[in-house]
Each structure stands twice: as C-alpha cells, then as structure tokens.
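Encoded as structure tokens, the structure appears first; notes follow it.
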Amino acid sequence: MEKRGSRRSVPSDFSNEYLGGRVVIYLSSNERVECDMLESTKYWFKVKAPDGRILYINKGHVVKIHRHQPR
C-alpha cells in the first residue's frame, strides 16, 4: 500500500538526448518542424527555427521526434 503524500517517480521522456542538436519534430496537426533544441521542461520544448524565431512546442502535440539528417 502506498503511503499518503509519497511521490511516484516519473519516467524520462528522453528529451535531454536532443538538447543542443538539430531535430525534426512531427506534430499531431501534420506539421513538420526542423529546429535546434534549446530546452526541455516537463510539458514544453523550447526550439529555435532556422529563421531565428524561438518557438515553444507543447509536448502533448508531438507525435514523433528524431535527429535531423542532412541530405
């Protein structure tokens, strides 16, 4: 039986593996975002678009993410 007030550990979403790198993020709206991963919080990614804009992406809308592979 779990003690009242105790905290469960939250599994990692592996976001830290992408920090500082170029990634491609696929969203539930079928959008594809190529960007540099700047920061990751519990619910948000802070990324930098190629045109220099800073974007905040809610993790709940992310379908897939992978490292950018230049062609």
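The values are calculated or read from the model by the stated rules, or taken from the named source; none is laboratory data. Quantities reported herein were computed from a predicted structural model and do not represent experimental measurements. As a convention, Cβ positions derive from the backbone with ideal geometry for all residues, glycine included, and neighbour counts pool all protein chains shown.
Of all residue pairs spaced 6 or more apart or on separate chains, those with beta-carbon atoms under 8 Å, a first member in the range 27-54 that is farther than 27 Å from SER9 by Cα and a second member that is modelled with pLDDT under 95 and part of a loop (DSSP other than H, G, I, E, B) are GLU34/PRO50; GLU34/HIS68; CYS35/PRO50; ASP36/GLY20; ASP36/GLY21. For the range 49-68, the set of residues classified as farther than 13 Å from TYR18 by Cα and not β-branched (Val, Ile, Thr) consists of ALA49, PRO50, ASP51, GLY52, ARG53, LEU55, TYR56, ASN58, LYS59, GLY60, HIS61, listed by residue number. Candidates are the residues of the range 1-19 that are surrounded by 10 or more Cβ atoms within 10 Å (Cβ to Cβ) and assigned to a loop (DSSP other than H, G, I, E, B); the one that is modelled with the lowest pLDDT is ASP13. Suppose the filter is under 10 Å from the mean Cα position of the chain (by Cα) and at pLDDT 90 or above; does SER40 pass it? Yes; evaluated as a whole, the condition is true for this residue.
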